[in-house]
Structure formats: C-alpha cells, structure tokens
Amino acid sequence: MGSLFSKQFERRKNIKAEKKTLCDLNENCGESYPGSDYRPADRKNWMAGLGVDKVYINKIVWPGTHDSATNKIGIPFITRPFAQCQSLSVYQQLVKGTRVLDIRVNENRRVCHGVLTTYGIDVVIGDIKKFLSETQSEVIILEIRTEFGHQDPPEFEKYLEEQLGEYLIHQDEHVFGKTIAELLPKRIICVWKPNKSPRPQSGSPFWNAGHLKDNWIDTDLPSTKFDNNLKHLSEQPPASSRKFFYRVENTVTPQPDNPIVCVKPVTNRIHGYARLFITQCFTKGCADRLQIFSTDFIDEDFVDACVGLTQARVEGAC
C-alpha cells in the first residue's frame, strides 16, 4: 500500500510539473505566428473563403478530431467519460471547421472505442453527406479504421463506395500538388485502414494506411507529449514534398495506473496549447512540416489556429 501511495504521489508531482512547464513556455514565448490573427468569417465554408483555386492540398493545415464519433459512446455518466473524446456530432464538427475525421469501427459496422460502442457507421455517413450537400468546396479527409481487437466489417469497401462514391477522390499521389478547384466536384479523401483485408491500391476510390501516418505517444504527461510531437514532426519531410499526410495529435491519454481515468480532465492538460505548439514549430524550424493537427473536444479557437496558418501559407506569408 505504501509503495502504491508513493507511486501515485510521484505521478501527481510529475503531472503538476509538466503542466507548469507548458504554462511557463506559453507565458515566455506567446502564441504569435504567421496567420495567428486570422479568423475565418464562415468556419463552415473556410476553404471556399480562402479561394479554392489558390488552396493546394499540401498547403492546408487540416483541423482534425481524435476519435471523432464518440459523442454518444457508452452509457452516459457511467462508461461514457472513459471513452468520449468529442461532445459534438460529426456534422456539428464539420460545420465548426473540422476537416479530418478519425472513425473506428467493429465487425458490425458500429463505431467503437476499445470495447465500448455507439451508433452505426450509417450515422457518420449521413452527417458527412448532409454537410457536403450544404457546402460546395469543402474537402474532407475521412479516416476509417477497424478498431484494434476487432474484425473487419464484411464488404465494407463496397458499402462505402455505394454511400460516398460520387464524392471520393481516388488514390493518386498527384493529388497532393493539386488545388481544391482541380479536385472538385470530388471532395472526400477516404483512408481505409482494415486489420486483415487487402490494402487499397493506387487508383482505388480509397487510400491506404501509408497515406496517413502519425507517431502516437501513449502518455498522460502534457509536456512529454508536446515535446515528442515536436520531435517526430521535425523528422518528417516538408509537407510540400510529401506524398502522405502526417498527423500530430494535441491530446494526452488517461493511464490505467492513475486515479484520473476520464478523458476530458486528462486531455485538458494539453488542450489549450495548440497555438503554442504552432509557435514552437516556427521556433524549431519545422512549421513547414505541420499538416494534420488533431484534438479532443474541438472548439473554434483550435480551428482558427489551423485555418490562420493555412491562410498565411496560401498568401505566401510563410
């Protein structure tokens, strides 16, 4: 018992120290970078607002959500706090400005997070189609993966193509160097990551795991995650020369050996430092590598931080 108490005390001390590290860094370095003052007039149509003939796919800083379809996962007040990473529906996220979705499914085509499940994938597809019907030029990266420990849903590619075929941008590495205008009316880059089914090949309506990469770090320590995100990002080629998307997740993850295992209070340790991260990307010389930037519980300021840097790139300010 004494050793357990000692371990928990040490962990709490480490968390407190790491939170202070980020707070001090924010106070000393600020949150100013090219485009940081920009606010889109209409987040629902922010890509259109930047000019679709000027916005190249590889210049976009894509605001994304982590575990996007978990707003109704599990049982309210009982299991939901341990798995919920978003409070908004997929449609509401898209309207707010989200352009990258992270969807995990099981063999029954239900969205899940670990062992907990929620609504079927048809709800997500419905939300996406509703958003696309209300906009004309917004492009979405839709990542769908079979959740770890589950089997691939039967005939899933066929289902997705039936539902979204008219919008799907086929797998072609030339897409990275094209403008949104050159891709329209196609508007979804769908990355399908099955566990055992064959990977989508070039020319397919779907993109494979090699086209969306990240270096996920399983920690609840905010400064550790922040520094590791910077380190791994700095190791990537510039976004302008890459033939894949690279994601940085501005999140931390509850750990089973810590008393606090609900998502929101843990991820809040890093949530407010998205602009600081972008600022540090410029300081460290790796801002040209930032591409997909994802978060839990997305809000307007996170979207604006990404859109502002995109606007600066489009206008040649960085």
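The values are calculated or read from the model by the stated rules, or taken from the named source; none is laboratory data. Remember, it's a predicted structure, so these values are computed and weren't measured experimentally. Methodologically, a virtual Cβ is constructed for each residue, glycine included, from the backbone with ideal geometry; neighbour enumeration extends over all protein chains shown. All accessible areas refer to the heavy atoms of the entire protein, side chains included, with ligands and DNA or RNA removed. Shrake-Rupley method; radii C 1.70, N 1.55, O 1.52, S 1.80 Å.
Some values worked out for this structure:
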| read-out | value |
| --- | --- |
| Portion, in percent, of the accessible area of the chain that falls on carbon or sulfur, probe 1.4 Å | 51 |
| Normalised per residue, the volume of the convex hull around the Cα set of segment 12-147 (Å³) | 157 |
| Within segment 1-145, percent of DSSP bridges classed antiparallel, to nearest 5 | 40 |
| The chain, accessible area per residue, ligands and nucleic acids excluded (1.4 Å, Å²) | 43 |
| Within segment 8-315: Cβ-based charge dipole about Cα centre, in debye rounded to nearest 20 (Lys, Arg +1; Asp, Glu -1) | 360 |
| Segment LYS158-ASN28, length gained on full extension (0.36 nm per residue, minus Cα span) | 41.6 nm |
| Estimated dipole of segment 157-210 in Debye, rounded to 20 [Cβ of Lys and Arg +1, of Asp and Glu -1, Cα centre] | 200 |
| Span-rule helices in the chain, defined as complete DSSP H runs reaching 15 Å or more along the axis (Cα) with Kyte mean at least 0.0 | 121-134, 300-314 |
| Antiparallel DSSP beta bridges within segment 75-154, as percent of all bridges there, nearest 5 | 40 |
| Alpha carbon centroid spacing (whole Å) that separates segment 176-222 from segment 233-282 | 19 |
| Helical mean residue ellipticity (222 nm; -39500 (n - 2.57) per DSSP H run of 4+; nearest 500) of the chain | -11000 deg cm²/dmol |
| Whole-Å semi-axes of segment 240-318's equivalent ellipsoid (Cα gyration tensor) | 27, 13, 11 |
| Rounded to 5, percent antiparallel among DSSP beta bridges of the chain | 15 |
